[in-house]
Amino acid sequence: MNTELVQRMQGQFDAIARKDADSGDVEFWFARDLQEPLGYARWENFLTAIQRAVESCTTTGYEPGHHFRGVTKMITLGKGGQREIEDFMLTRYACYLIAQNGDPRKEPIAFAQSYFAVQTRKQEIIEERMSLLRRMEAREKLRSSEKVLSDNIYERGVDDAGFGRIRSKGDAALFGGNTTQAMKDKFGITQTRPLADFLPTLTIAAKNLATEMTNHNVQQADLLGEPAITNEHVQNNASVRQMLGKRGIKPETLSPEEDIKKLERRVKTDEKKLEKKSGRLSEKGSEA
């Protein structure tokens, strides 16, 4: 997401923020105001996302009533008449949960996951968190594709040790001859930790693409045995390396990044702090 789009969306979300005077000026957003900026065309679909967020709040152990307040609104119709509609007052934490339950492939949802998570209006902090979440998402995709590959090749006569060998030879093809262990040694990663937990987002995505290609071709060609699958995985990693090379990128020269496990723990800690810092909505009244 480019900086100009982030600025525009931040201004949009800032503009619809409100204060609940009855609860000590707790910041909140009306659900009806958020529906369109979050990319929902229909209220019914957005209401489903709100309900999932309420369930998440309960599962986490917090009182939904502190963050989701049902209200009614009177809207003016085209001919001057009025109609009552339902709405919700949502704290920052409630908005964050709604974003967490949305589709992160949608740019408004990806932005909102970071916007509501941070207690600042600073754009660089929001963008930094968005970058962090993209890396975590890329890592989760790689975990999933490697799990599928492991299952696929196990059914085709390859054990766990064989899977390790296949992955290491694939890494050697991607990293210009450097095996998994060689890259760990280069970055100072302990033997027990996965290399991917320390790779930048681009390299994680490259490994995932090669693994997805191997998964596809193993199934399509019904490849059997370690040699055939190793050859396939090596070719796919070499192809990805060649593609990167055309853009002047050598994966083995990219600097390692912070341990992704630490980032995941930090995100969880931030979520707990967010609930407290969001404050609680007042229980006064049910109309807005």
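The values are calculated or read from the model by the stated rules, or taken from the named source; none is laboratory data. Keep in mind the model is a prediction, meaning the values are calculated, not measured. Positions of Cβ are generated from backbone atoms using ideal geometry, with glycine treated the same way; all protein chains shown enter the neighbour counts.
The set of residues in segment 233-288 that are among the hydrophobic types (A, V, I, L, M, F, W, C) and in contact (Cβ under 8 Å) with a residue 12 or more places away in the chain comprises Val234, Ala238, Val240, Leu244, Ile249, Leu254, Ile260, Leu263, Val267, Leu274, Leu281, Ala288. Take Thr211 and tell me if it is surrounded by 21 or more Cβ atoms within 10 Å (Cβ to Cβ) and of a type in the set (Ser, Thr, Tyr). Answer is yes for this residue. Kindly establish whether Gly157 is surrounded by fewer than 17 Cβ atoms within 10 Å (Cβ to Cβ), among the small types (Gly, Ala, Ser), in contact (Cβ under 8 Å) with a residue 40 or more places away in the chain and in contact with a Gly (Cβ under 8 Å, 6 or more places away or on another chain). So Gly157 passes the test.
Here segment 245-269 is the region considered, the condition is being over 24 Å from the mean Cα position of the chain (by Cα) and not basic (Lys, Arg), and the residue that is nearest to Thr180 (Cα to Cα) is Glu252. So, of the residues in segment 79-132 that are assigned to a helix (DSSP H, G or I) and free of Cβ contacts under 8 Å to residues at least 60 places away in the same chain, which turns out to be farthest from Leu274 (Cα to Cα)? Ranking the candidates gives Glu124 first. Against the definition (acidic (Asp, Glu) and surrounded by fewer than 16 Cβ atoms within 10 Å (Cβ to Cβ)), how does Glu264 come out, yes or no? Taking the combined requirement at face value, the residue satisfies it.
Take the conditions more than 29 Å from Lys169 (Cβ to Cβ), within 20 Å of the chain's Cα centre (by Cα) and part of a helix (DSSP H, G or I) and apply them to Lys272. Does it pass? Judged against the criteria, Lys272 is a match. Within segment 250-261, the only residue that satisfies the criterion of being exposed (fewer than 15 other Cβ atoms within 10 Å of the Cβ), assigned to a helix (DSSP H, G or I) and of a type outside the set (Ser, Thr, Tyr) is Lys261. Residue-level check: of (1) in contact with a Phe, Trp or Tyr (Cβ under 9 Å, 6 or more places away or on another chain); (2) modelled with pLDDT of 90 or more, Met130 misses just (2). Annotation: of all residues in segment 173-200 being assigned to a helix (DSSP H, G or I) and touching a residue at least 40 places away in the same chain (Cβ under 8 Å), the one that is farthest from Met136 (Cα to Cα) is Ala173.
Just so you know, in segment 18-37 the residues that are among the acidic types (Asp, Glu) and assigned to a loop (DSSP other than H, G, I, E, B) include one that is nearest to Phe111 (Cα to Cα), and it is Glu36. Each residue in segment 12-30 was checked for being over 14 Å from Leu90 (Cα atoms), among the small types (Gly, Ala, Ser) and modelled with pLDDT of 90 or more, and 1 of them qualify. Is it the case, given these coordinates, that Glu146 is in the same structural domain as His233 (by TED's automatic domain parsing), over 30 Å from Leu34 (Cβ atoms) and not in a loop (DSSP other than H, G, I, E, B)? When the stated conditions are applied, Glu146 passes them.
Could you list, in sequence order, the residues of segment 38-62 that are among the basic types (Lys, Arg) and either assigned to a helix (DSSP H, G or I) or surrounded by 18 or more Cβ atoms within 10 Å (Cβ to Cβ) (or both)? Hit for segment 38-62 is Arg52, nothing else. On the stretch given as segment 149-191, residues that are touching a Pro at 6+ places or on another chain (Cβ under 8 Å) and either outside the structural domain of Ala221 (by TED's automatic domain parsing) or over 23 Å from Lys261 (Cβ atoms) (or both) total 1.
Each row is one residue, and each column tells you yes or no for (1) touching a His at 6+ places or on another chain (Cβ under 8 Å); (2) surrounded by fewer than 13 Cβ atoms within 10 Å (Cβ to Cβ).
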{"position": "Gln82", "(1), (2)": "no, yes"}
{"position": "Thr91", "(1), (2)": "yes, no"}
{"position": "Ser114", "(1), (2)": "no, no"}
{"position": "Arg134", "(1), (2)": "no, no"}
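I'm trying to understand the selection: among the residues of segment 205-230, which are farther than 16 Å from Val148 by Cβ and touching a residue at least 12 places away in the same chain (Cβ under 8 Å)? Hits for segment 205-230 are Ala205, Ala206, Leu224, Gly225, Glu226, Thr230.
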